[in-house]
Amino acid sequence: MTQQDEYKLKWQCCLKFIKNNLKDDHYKTWFEPLSFYTYNSQTCELVINAPSSYFSEHIRAHFSALTYVALRKEYGNTVKLYFRQLTDSENNLTSEVESAPVSPAKNVPQHPANQAPTTLQSHAPSPEFDSHLIDEYSFENFIEGTSNVLPRSVGMSIATNPKQMTFNPLFIFGHSGVGKTHLVNAIGHAIKELQPEKRVLYLSAHLFQVQYIDSCIKKTVNDFIRFYQQIDVLIIDDVQEFASHTSTQDTFFHIFNHLKANGKHIILTCDRPPTELQGMHDRLITRFKWGLLAELQQPDETLRRGILVNKVHRNGLHIPNDVIEYITQNVTESVRELEGVLNSLMAHSIVYNCDVDINMARRVVGHAVNVENKPITIDQILEHACEKSNVSKEDIFSSTRKASVVQARQIAMYLAQKHTNLSTSKIGALIGQRNHTTVIHSVRSITDRITTDKKLNDLVSEIEASLKR
Ligand code: ADP
Ligand code: MG
């Protein structure tokens with residue numbers, strides 16, 4: 001085994017670790033297509049092949065922390081990750097290693113409390129104060145829609161009117177993936193821009209909790225509390241995480257009261273309204289309701305389309321309109337889901353080197369969201385029955401008795417009877433103006449034949465499977 005083979009094995013171990021810590025579809029989409037290229041033990045530089053810069057950018061943005069945890073375990077703390085990708089310059093396939101390594105620091109949460117005693121002793125604002133706001137989440141790329149109008153405009157008003165205290169705290173709630181984290185970061189950026197002297201701090205309730213426990217162990221709880229009491233705008237994400245953590249809640253309660261009494265702003269997000277929080281002190285729930293409760297609703301159709309079009313445009317992607325429309329109609333739960341589908345489509349098109357089209361979209365959406373319960377329409381049945389039987393819709397609607405067409409027509413009627421609530425007369429009317437006895441005959445014929453004719457059975461199953469995707 002050569003030295004490089006050993007390094008390659010280490011990469012396999014990293015992948016295993018990443019796989020164990022990541023959702024299956026994320027692993028498949030983003031890590032499976034990668035492969036080991038080389039490792040230089042002198043410089044500690046690891047180079048990994050990626051199908052395109054889309055992968056390296058995505059991994060940089062979303063998985064760099066996890067990736068570095070894995071890499072450091074195998075290659076040591078000084079490892080630096082570079083991506084190498086095939087570039088298609090005027091049809092000459094060449095490879096290119098990116099000049100900058102993937103930075104591990106970006107997504108690894110730093111410990112805001114660590115900066116407390118040194119940089120924040122007086123009330124003088126410190127230019128180095130790190131807000132921990134997420135750079136990419138600004139108002140500029142936050143698309144407006146009816147589902148987010150209230151929290152968005154209140155956020156803007158806090159940023160533009162520092163004295164405005166009616167909405168304090170601002171409590172933004174909504175399901176996962178609707179844009180809470182993005183919105184509160186956008187508010188934080190806007191405040192910093194318009195009121196640069198303000199100390200704005202963003203962090204997750206989870207990190208707050210971890211720091212608090214850490215300060216208990218180190219016996220620095222007073223420093224911890226003092227640090228938070230000096231913040232001008234405190235943004236805490238996902239406060240539902242405080243549930244059942246009594247002493248964290250107590251500490252937060254004191255910080256909250258101090259900030260509120262001193263005219264400082266508190267912005268909170270939560271995955272549910274305060275009244276539905278379990279395991280939370282009543283006195284804290286009461287405080288949450290003091291200011292403004294604003295719901296971020298699930299994105300409506302116009303917003304979903306707007307977000308997709310914007311993302312496609314910003315990334316210079318080529319996605320046909322029917323695909324955008326298909327995703328808009330079928331991926332309805334959250335913005336995160338929309339982005340996930342778009343990313344998977346891009347990854348598929350790069351790995352398989354083909355354009356994004358409606359069939360690929362159907363497959364990807366089928367894996368990502370549960371479309372099984374969506375009603376199947378007769379148009380879809382006709383489309384899939386024709387495609388898999390190699391006949392055209394015009395053939396089906398015509399009076400031709402060609403065997404392949406007759407069979408496709410019968411399959412369409414059989415599937416329409418099975419998967420829609422339409423009556424036999426309606427099915428007949430929609431499939432080439434046949435009368436209902438023809439439909440009954442066709443359904444019977446296919447039902448009988450699929451028990452003995454394996455080829456037909458496979459064909460029907462295949463059409464059914466594609467309908468459910
Ligand atoms: P939550 O915190 O509610 O779970 P996030 O803020 O993490 O949701 O949003 C999920 C993803 O959707 C993020 O990538 C975010 O940028 C994007 N997103 C959500 N709402 C919008 C919007 N109105 N415009 C643009 N992107 C959005
Ligand atoms: Mg969030």
| task | Quick one: what are the phi-derived ³J(HN,Hα) couplings along the range 151-159, Karplus 6.51/-1.76/1.60 with θ = phi - 60°, whole Hz, x for glycine and proline? | result | x, 5, 6, 5, x, 4, 5, 5, 5
| task | Extending each Cα 7 Å along its Cβ direction at His367 and Val149, get the distance between those two points in nm, one decimal. | result | 3.9
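Given the Cα-Cα distance of Ala243 and Lys73 and 0.36 nm per residue of separation, how much length would full extension add, in nm?
On the way: separation 170, 0.36 × 170 = 61.20 nm, distance 3.32 nm.
This chain segment gains 57.9 nm when fully extended.
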| task | Report Rg(Cα)/(2.2 N^0.38 Å) for the range 1-98, keeping two decimals. | result | 1.06
| note | Output row, site Val351, 7 Å Cα→C-beta label point, backbone N cut-off 16 Å, window the range 45-86, residues 49-59
| task | Considering only DSSP beta bridges where both residues belong to the chain, give the percentage that are antiparallel (nearest 5). | result | 35
| Which residues in the range 24-40 place their backbone N less than 19 Å from a point set 7 Å from the Cα of Asp5 along the Cα-to-Cβ direction? | 36-40
| query | Where does the chain land at 222 nm, in deg cm²/dmol rounded to the nearest 500, when only DSSP H runs of n ≥ 4 count, each adding -39500 (n - 2.57), divided by all residues? | reply | -16000 deg cm²/dmol
| said: Using the basic label-point model (7 angstrom from Cα toward the beta carbon), what is the His436 to Leu317 distance in nanometres? | reply: 4.7
| message | Test of understanding: ordering Thr452, Thr67, Thr251, Thr246 by Cβ neighbours within 10 Å, fewest first, what list do you get? | response | Thr452, Thr246, Thr251, Thr67
| field | aspartates and glutamates with Cα under 16 Å of Lys19, excluding same-chain neighbours fewer than 8 positions away | value | Glu32, Glu74
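Relative contact order for the range 282-383: what percent, with Cα pairs under 8 Å and sequence separation of 6 or more? Each step should come with its number before you reach the end.
Details: 65 pairs, mean separation 25.7, N = 102.
Contact order relative to length: 25 percent.
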| For the chain, what is the charge dipole size about the Cα centre, in debye to the nearest 20, if Lys and Arg each add +1 at the Cβ and Asp and Glu each add -1 at the Cβ? | 920
| said: Assuming 0.36 nm per residue, please report the length gained on full extension of the stretch Thr452 to Thr43 beyond their Cα-Cα distance. | reply: 140.6 nm
| With all pairs of different alpha carbon atoms counted, what Kirkwood hydrodynamic radius in Å does the range 169-221 show? | 13.3
| remark: Expected vector for the range 212-224, Karplus 3J(HN,Hα) from phi with 6.51, -1.76, 1.60 and θ = phi - 60°, integer Hz, x for Gly and Pro, equals 5, 4, 4, 5, 5, 5, 7, 6, 10, 4, 4, 4, 4
| said: Taking 8 Å as the Cα distance limit and 6 or more residues as the minimum spacing, I'd like the relative contact order of the chain as a percentage. | reply: 11
| query | Residues of the range 255-272 with amide nitrogen under 19 Å from the 7 Å Cα-to-Cβ point of Thr160? | reply | none
| Given a Förster distance of 22 angstrom, what is the FRET efficiency for His281 paired with Ser176, based on the Cβ-Cβ distance and rounded to 0.05? | 0.40
| field | Computed over the range 325-409: relative contact order in percent, which uses C-alpha pairs under 8 Å that are six or more apart | value | 21
| note | For the chain, the charge dipole (Cβ of Lys, Arg +1; Cβ of Asp, Glu -1; about the Cα centre) points to a positive end, and the Cα of His62, Ser442, Ile327 closest to that extreme belongs to Ser442
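Beyond 16 Å, how much of the Cα-Cα pair distribution for the range 398-469 remains, as a whole percent? Present the calculation step by step, with values, prior to reporting the outcome.
On the way: 1171 of 2556 pairs.
Pairs farther apart than 16 Å: 46 percent.
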| Acute angle (nearest 10 degrees) that the helix 378-389 long axis makes with the longest principal axis of the chain, alpha-carbon atoms | 70
| When averaged across all projection directions, what area in nm² does the alpha-carbon convex hull of the chain cover? | 30.5
| Which listed pairs, of Lys418/Lys468; Lys10/Lys80; Lys198/Lys219; Lys28/Lys388; Lys198/Lys289, have C-alpha distances above 21 Å, in listed order | Lys198/Lys219; Lys28/Lys388; Lys198/Lys289
| said: Per 0.36 nm of contour for each residue apart, how much would the distance between Lys218 and Asn20 grow if the chain were fully extended, relative to their Cα-Cα spacing? | reply: 68.1 nm
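Fewest first, what order do Tyr202, Tyr137, Tyr352 take by the number of other Cβ atoms within 10 Å? All intermediate terms of the calculation are to be shown ahead of the outcome.
Values: Tyr202 24, Tyr137 20, Tyr352 10.
Ordered from fewest to most neighbouring Cβ atoms within 10 Å, Tyr202, Tyr137, Tyr352 come out as Tyr352, Tyr137, Tyr202.
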| request: Considering the options Ile235, Thr302, Asn262, tell which one lies farthest towards the positive end of the dipole of the range 220-346, charges being +1 on Lys and Arg and -1 on Asp and Glu at the Cβ, about the Cα centre. | output: Asn262
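Taken together, the values in this text are just the output of simple stated rules run on the coordinates, not laboratory data. Since the structure is predicted, the reported quantities are computational estimates derived from the model, not experimental observations. Quick reminder, even Gly has a Cβ in these numbers, built from the backbone with ideal geometry, and neighbours come from all protein chains shown.
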